[in-house]
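Enquirer: The structure's right below; bear with me while I get my questions together.
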Amino acid sequence: MKKFYLALTVLAVATVGLSATTTPAAAKTGAKVLSTKKVKKTAYHVTKGTIYKTNKLTKVAHHAKNYKYTTLYVTKQSTVRKANHKKAVYSYITTKKARGWILRSYLKKGVAPKKSTKTIQTTTTTNTTTTKNDDSTTTQTTAATFNAKAANADFLAMVNKERAKKGAAPLTIATDLTNLANQRAADCAKLGDITHYDSAGNTVYLEEGPKFGIDFNEGLSSECLYMADEGFVGDYQKAGTNAADQYLYHDAESNWGHRDNLINPKAKTIGIGWKISNGTIYNAVDQQG
């Protein structure tokens, strides 16, 4: 029996750029910084939580779940008053690949555990065709490969089904947005992580859009990102279905922001991009209204 190894700890990060005229909710409800102090550089590790770009908690930089085998070094600490009026303490962490602010209670003192070196056996799906001749039998075996077109069709079918329930018109695939989405998936693969922001805090898809002839200055625009271990995708045949399923039905951690983006009636066109790198499949979805 084929086994699938779920990678639900590395799902998409919070959506951004909901529209050119609407400020994302997170930006309206940022935390108030009450105090900040330097602390002795100390090693910690973490298995859950959100890493924010600043201690105002308005922009998500990373998900700590992606760094459970990485030692994080704390150098600063801030006490903030969150949007719910409760006080909380956030620590500033740094690594070679990530930095930002995370809730102190999510940190555990000490270096991170080492990643298991246990080998997981994977199975390649094959299609076998047998041809019978007068005096011989020939068997041709072809290894299954990732089919982006099929994955996009499956993804779009699920999303448009949910849109129909809300009375929203179906999305159509746009070539320029698809080219951008493929670039964004490649961007994330290069980082080995999913993030909407560059090192300067700029929203990457808005910066890269013009390179593909896309004008995001008017109307709605949005982006969703997703990554999963290839074991979860299996033989690639369920890649589009799996990504759509996570965005639509397993997005509580992001307060259903990805689902809201995908079924937003104002959205008209969509680009769906993929990149497979180092045993991980990356998906980017860019929309425009």
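The values are calculated or read from the model by the stated rules, or taken from the named source; none is laboratory data. Bear in mind the structure is a predicted one, so any value in this text is a computation, not a measurement. Note that each Cβ is placed from the backbone with ideal geometry, even for glycine, and that neighbours are counted across all protein chains shown. These accessible areas exclude ligands, DNA and RNA; they are computed on the full protein's heavy atoms, side chains included. Shrake-Rupley method; radii C 1.70, N 1.55, O 1.52, S 1.80 Å.
Enquirer: Scan 34, 18, 8 and give me the residue that is at pLDDT 85 or above and hydrophobic (A, V, I, L, M, F, W, C).
Expert: From the options 34, 18, 8, the qualifying one is 34.
Enquirer: Residue 71 - would you say it is β-branched (Val, Ile, Thr), open to solvent by less than 40 Å² (accessible area, probe 1.4 Å) and at pLDDT 85 or above?
Expert: yes
Enquirer: Only one of (1) at pLDDT 90 or above; (2) exposed (fewer than 11 other Cβ atoms within 10 Å of the Cβ); (3) not in a loop (DSSP other than H, G, I, E, B) is not met by residue 138, so which one is it?
Expert: (1)
Enquirer: Hey, does the stretch 212-220 have a residue that's at pLDDT below 90, of a type outside the set (Lys, Arg) and under 12 Å from residue 270 (Cβ atoms)?
Expert: Yes: one or more hits.
Enquirer: Which residue is nearest to residue 94 (Cα to Cα), if the candidates are limited to the stretch 37-77 and must be basic (Lys, Arg) and in contact (Cβ under 8 Å) with a residue 60 or more places away in the chain?
Expert: 53
Enquirer: Another one. Mind checking which residues of the stretch 47-95 are small (Gly, Ala, Ser) and out of contact with any Leu (no Cβ under 7 Å at 6 or more places or on another chain)?
Expert: 61, 64, 78, 83
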